[in-house]
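Here the structure comes first, spelled out in C-alpha cells, and everything after it is commentary.
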Amino acid sequence: MKIRGYDKEAEEVKLEMTPMIDIVFQLLVFFIMTYKVTAMEGDYNIRMPAAASEPTLTEETLEDVLMVRLVADPGNRYLQSINVTFGSQTESWPREQFPATVEDYDNKTSPARTIFRNLNNFVIGALGSGSGDPASASEVEAEIEADYGLRYEETVYVIEAISGYKTDDGKIVKLIEKIKFRDAVE
Amino acid sequence: MKFKKKKSGILEGDLTPMIDMTFQLIAFFMLIINFSEVEKSEEINLPLSELAKPPEEPPPYKIVLNLDEDGSVKFGPQIIENVDIIKPVLTREITTAQREGVALPEISVIIRADRGVDTGLVQRLMNKCKDEQLESFSLRVNESLR
C-alpha cells in the first residue's frame, strides 16, 4: 500500500547545532577562566576555653604540660631562642642561623630551621620517655608563651614541631594535639 | 561497472564526540570551581606547614578572619582597621549563628593571618574572640609539599 505524504527524505529532521555549540563553548571558556589553581589550606586547631572554666595548674597537672617560651630577636623579629620545660626536663636552643631568603626559610632542611628540628626531637624524646604508652601522649598539653613581636610564621613552625612530624614515607605521626597560648610577653 | 552514487551537497562532520568532550570539560570545571574562595583574602601570605590538613568535615558555623600584615582584619568584604574594634562583627556573627541553631562553642573561628604579622597580634585577636565566649580556633596555613 502506498501512503501518501510518506516521504523518507522529509522525515530526517536536521538539528541546528551551531547555537548550542556557541553556548557550550561560552560556558567552557567561563569555567576555564574562573578556575584558579590554589594550594590546599590546612588548619591547626586550638581550643581556648574561657578562663573561668580552666583548671588552675597544680603540681600534678604541671607534669603533663610542655611549656614553650619563644624569645624573639628585637631587630628582625625572628626567633632567637626557644626554652622548654617538661616536668623536670628543661632545654634551651639558640637560633644558629637566621633565614636569609624566603626559599631558605621554606625549605625544611635548611640550617635556618634547625631550631625547630631540635624542638621536634625534644618532644619526640620527652613523650617517649614518659610512661611509655602512646595513649598518655594525647594527655600532654603544650603551652606557648611568645614575645609579642615574634613573626607569626615562626610560631606556626613551633606549633608544627610540637604537633607532629612526617615520616620519610609521608605518614604523619601526631605528637601533642592540645596546644594553648599564654598571653604574649610585651 | 556500477558505482555508488555520491551524495552531493555540504559535507557535514559528526559533531557528537566533540559535544561529548565539551560537556565533559564543562562538568569537570563546574565541579572543581570553588565559590567559598570569597571569604579568603588574596593579599594574605599564609605561613607554610606540611602537617596541617584540611578539616575532615566543615564546622557547623565558621567565622573567617583575615589578619593582614598591617594589622587590619578583613572579614568578607569588610575591612576592620584594628583588631581592637572587631567586637561588633563578632556579636553580629554570633547572633546569626545562634539564629541558625549553632551553639556558641561550636562556632569555629578560622584565623588566616599573614606570615609576617606579630604573634602577639594574632593572640590579641584570639583574646577578643574569647571575650565573646568563642573558644574553638583554627590557625590556617598553606600546605607545603616540601
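The values are calculated or read from the model by the stated rules, or taken from the named source; none is laboratory data. Note that this is a predicted model, so its numbers are computed, not measured. In this analysis, Cβ positions are derived from the backbone assuming ideal geometry, glycine residues included, and neighbour counts consider all displayed protein chains.
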- Task: Among the candidates A:GLY75, A:GLY132, A:GLY149, single out the residue that is assigned to a loop (DSSP other than H, G, I, E, B), closer than 20 Å to B:LEU46 by Cα and either at pLDDT below 85 or within 14 Å of another protein chain (Cβ to nearest Cβ) (or both).
- Result: A:GLY149
- Task: State whether one or more residues within region B:103-126 are surrounded by fewer than 13 Cβ atoms within 10 Å (Cβ to Cβ) and more than 12 Å from chain A (Cβ to nearest Cβ).
- Result: yes
- Criterion: closer than 20 Å to A:TYR152 by Cα and not polar (S, T, N, Q) - qualifying residue of B:LEU134, B:LEU90, B:LEU121, B:LEU104: B:LEU121
- Note on the structure: The lone condition B:VAL141 fails out of (1) within 12 Å of another protein chain (Cβ to nearest Cβ); (2) surrounded by 14 or more Cβ atoms within 10 Å (Cβ to Cβ); (3) without any contact (Cβ under 8 Å) to a residue 60 or more places away in the chain is (3)
- Query: Could you say which residue among B:ASP84, B:ASP68 is modelled with pLDDT of 80 or more and surrounded by 18 or more Cβ atoms within 10 Å (Cβ to Cβ)?
  - Reply: B:ASP68
- Under the condition of being within 22 Å of the chain's Cα centre (by Cα) and touching a residue at least 24 places away in the same chain (Cβ under 8 Å), which residue from region A:82-104 is surrounded by the fewest Cβ atoms within 10 Å (Cβ to Cβ)? A:PHE98
- Note on the structure: Being away from chain B (no Cβ under 14 Å) and over 25 Å from B:ASP70 (Cβ atoms) narrows A:SER88, A:SER163, A:SER110 down to just A:SER88
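Yes/no matrix, rows are residues, columns are (1) at pLDDT 85 or above; (2) under 21 Å from the mean Cα position of the chain (by Cα); (3) in a helix (DSSP H, G or I):
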residue: B:THR96; (1), (2), (3): yes, yes, yes
residue: B:LEU121; (1), (2), (3): yes, no, yes
residue: B:CYS129; (1), (2), (3): yes, yes, yes
residue: B:PHE137; (1), (2), (3): yes, yes, no
